[in-house]
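The values are calculated or read from the model by the stated rules, or taken from the named source; none is laboratory data. Note that this is a predicted model, so its numbers are computed, not measured. Reconstructed Cβ throughout: ideal geometry from the backbone, glycine too, with neighbour counts over all protein chains shown.
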């Protein structure tokens, strides 16, 4: 890790101004502004094709904006060596799975501290890396899987290992790209519990989570960005953004948005019948 590239004290985790992303003549992201203070957390919601994954790839430094400015952890893209910045950014995505070898969970997670997706067995001879790996696995509740091989894990177990791998390098910014994809109901609820605990850690990373579904939002998330057709429709406190009107507009479907007593969110379609009930 380049010691000269560290998160700037007091700087926001993310500061974006007027971001455009154009690919093959198609504008994927248009005029996006975003501020995520260090230590706060953000959910990014929107339908397929809204630009969510593109935005996350920008924040992961795997893509650069066509226009506009983007600062991550106090460093502006285009003026910083992203190879030195990336160790401070944890990126969790199933798209990275083909890069992982079928080795033990402990070796996989320990290797993340040296930036390797296929670390040599010798990584387990480094006590500091092994300790960091066990600590990360404990944080997401899967240290008991340390000696299992990656391909023997269920989808839910594998997703928690992906998050542990990102946490092992102690990132300042953690990016979760649709972390609930492929999970069954039990796996989803277990992961929501894990994320809620992570979001309340006083020294934990700033988290940006991308999802399609309100039901997947941890209760500790306080801010939301709604994207549609590459544009930011609304961003701010979750109670102000997740209204039935705004969510219906973004997903182009009549929806009723409800927050349950336990703090979880859900959206259901509005039918002619429940319209009549609502008017009665």
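For region 56-115, which residues satisfy the criterion of being within 28 Å of residue 157 (Cα to Cα), buried (at least 17 other Cβ atoms within 10 Å of the Cβ) and in contact (Cβ under 8 Å) with a residue 60 or more places away in the chain? Once the filter is applied, which keeps residues that are within 28 Å of residue 157 (Cα to Cα), buried (at least 17 other Cβ atoms within 10 Å of the Cβ) and in contact (Cβ under 8 Å) with a residue 60 or more places away in the chain, region 56-115 yields 56, 59, 60, 87, 88, 89, 90, 91, 92, 93. When 227, 214 are screened for being under 22 Å from residue 57 (Cβ atoms), in contact with a strand residue (DSSP E or B) (Cβ under 9 Å, 6 or more places away or on another chain) and at pLDDT 90 or above, only 227 passes. Residue 165 falls short on exactly one of the conditions (1) over 13 Å from residue 109 (Cα atoms); (2) under 18 Å from the mean Cα position of the chain (by Cα); (3) in a helix (DSSP H, G or I), and that condition is (1). When residues in region 2-28 are screened for being touching a helix residue (DSSP H, G or I) at 6+ places or on another chain (Cβ under 9 Å) and at positive phi, 0 of them pass.
Taking strands (runs of 3 or more DSSP E) that fall entirely within region 190-280, which contain at least 3 residues that are in contact (Cβ under 8 Å) with a residue 12 or more places away in the chain and closer than 18 Å to residue 174 by Cβ? Full working, then the answer.
Details: elements: 206-211, 223-228, 231-237, 255-259, 265-269.
Qualifying strands (runs of 3 or more DSSP E): 206-211, 223-228.
Considering region 179-189, and only residues there that are assigned to a loop (DSSP other than H, G, I, E, B) and farther than 15 Å from residue 167 by Cβ, the residue that is nearest to the chain's Cα centre (by Cα) turns out to be 180.
Report whether or not residue 31 is exposed (fewer than 15 other Cβ atoms within 10 Å of the Cβ), touching a helix residue (DSSP H, G or I) at 6+ places or on another chain (Cβ under 8 Å) and on the phi > 0 side of the Ramachandran plot. Break it down into steps so the answer makes sense when it comes.
On the way: exposed (fewer than 15 other Cβ atoms within 10 Å of the Cβ): yes; touching a helix residue (DSSP H, G or I) at 6+ places or on another chain (Cβ under 8 Å): no; on the phi > 0 side of the Ramachandran plot: yes.
When the stated conditions are applied, residue 31 does not pass them.
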